[in-house]
Amino acid sequence: LVMEDWQTALDAANAAISKSGCSIGTGTAVTGGMNDATANNVMWAAEIIADQSGMYAGFFTHMDADQGKYGASARKQINKLLYAKLGTNDVRKKWWNPQDENNEKNGYQQEKFKFKDYAKWTGDYIFMRIEEMFLTAAEASCRLNDDKGAQLMLNSLMQKRDEDYTCKKTGTALGKLTSDETGSLLEEIIIQRRIELWGEGLSYFDILRLNKGIDRRGAGFPAAYVFNVPA
């Protein structure tokens with residue numbers, strides 16, 4: 001994707017989908033805390049056992065507020081502008097809690113990443129899920145002007161998240177800022193990629209490779225840190 005070699009990206013994503021033996025996650029694979037290396041949607045992960053847990057230095061210590069350490073003192077929250085893009089029946093709404101008493105003014109507490117066992121500080125580290133491959137294939141198809149192929153890959157994923165979802169958008173137009181909206185198919189893929197892979201370390205690099213300016217004004221963050229126009 002970074003090299004904009006769309007055909008190779010598409011071929012690799014399709015190969016991963018067909019050969020990995022993985023399938024789009026449902027049920028606890030989606031809402032169970034993203035902590036199980038054996039889930040059917042996991043392509044690459046590290047199993048964390050009790051005597052190898054990171055304890056205070058672990059990923060879930062920084063994400064899971066219920067554990068009471070860094071996750072509680074430095075809370076990880078989705079901004080309301082992005083959350084509002086979720087459909088009414090999207091199961092990913094369970095990844096955030098709009099009613100949490102510790103929510104910031106314009107954020108919702110994350111519930112996506114949770115310890116598997118609080119007593120043992122354990123939770124497996126998931127590095128790559130098959131859902132990323134569907135989003136990669138969708139973007140690559142769209143870049144190759146195959147709107148139908150892109151729609152198929154996107155809808156295949158999204159209908160596992162929201163049975164009411166369907167996308168018939170077309171085109172590759174993108175705005176210069178993360179807040180700009182063109183209504184294109186490519187933009188929809190990027191939005192769903194941002195939601196689906198929230199907290200998994202890809203959004204920042206997507207913004208860089210897309211050369212988009214960051215605009216989080218109105219999302220509850222100090223203005224000085226949330227607005228930057230690309231060169």
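The values are calculated or read from the model by the stated rules, or taken from the named source; none is laboratory data. Small disclaimer: the values here were computed from a predicted structure and weren't measured. Here the Cβ positions follow ideal geometry from the backbone for every residue, glycine too, while neighbour counts run over all protein chains shown. Calculation scope for accessible area: heavy atoms of the full protein, side chains included, ligands and nucleic acids excluded. Shrake-Rupley method; radii C 1.70, N 1.55, O 1.52, S 1.80 Å.
Worth a mention:
- Restricting attention to segment 43-68, the residues that are crowded, with 17+ Cβ neighbours inside 10 Å and assigned to a helix (DSSP H, G or I) total 7.
- Contacts under 8 angstrom Cβ, first residue in segment 75-102 being closer than 14 Å to V30 by Cα and touching a residue at least 12 places away in the same chain (Cβ under 8 Å), partner assigned to a strand (DSSP E or B) and open to solvent by 10 Å² or more (accessible area, probe 1.4 Å), 6 or more apart: W96/Q77; W96/Y108
- F60 meets all of the listed conditions (1) touching a Cys at 6+ places or on another chain (Cβ under 6 Å); (2) over 28 Å from E163 (Cβ atoms) but one, namely (1).
- Qualifying positions in segment 122-137 - in contact with a strand residue (DSSP E or B) (Cβ under 7 Å, 6 or more places away or on another chain), within 21 Å of M158 (Cα to Cα) and open to solvent by 10 Å² or more (accessible area, probe 1.4 Å): I126, F127, M128
- Close pairs from segment 1-24: first touching a residue at least 40 places away in the same chain (Cβ under 8 Å), partner open to solvent by 80 Å² or more (accessible area, probe 1.4 Å) and hydrophobic (A, V, I, L, M, F, W, C), Cβ under 8 Å, at least 6 apart: V2/F205
- Some residue of segment 174-190 being closer than 30 Å to N228 by Cα, open to solvent by 50 Å² or more (accessible area, probe 1.4 Å), in contact with a helix residue (DSSP H, G or I) (Cβ under 9 Å, 6 or more places away or on another chain) and of a type in the set (D, E, K, R): yes
- Options S141, S156; residue that is open to solvent by less than 10 Å² (accessible area, probe 1.4 Å), of a type in the set (S, T, Y), within 30 Å of L10 (Cα to Cα) and not in a loop (DSSP other than H, G, I, E, B): S141
- Candidates V2, V30, filtered to the one that is open to solvent by 50 Å² or more (accessible area, probe 1.4 Å) and either assigned to a loop (DSSP other than H, G, I, E, B) or not hydroxyl-bearing (S, T, Y) (or both): V2
- Test: T38 is part of a loop (DSSP other than H, G, I, E, B), open to solvent by 50 Å² or more (accessible area, probe 1.4 Å), β-branched (V, I, T) and within 19 Å of T122 (Cα to Cα): yes
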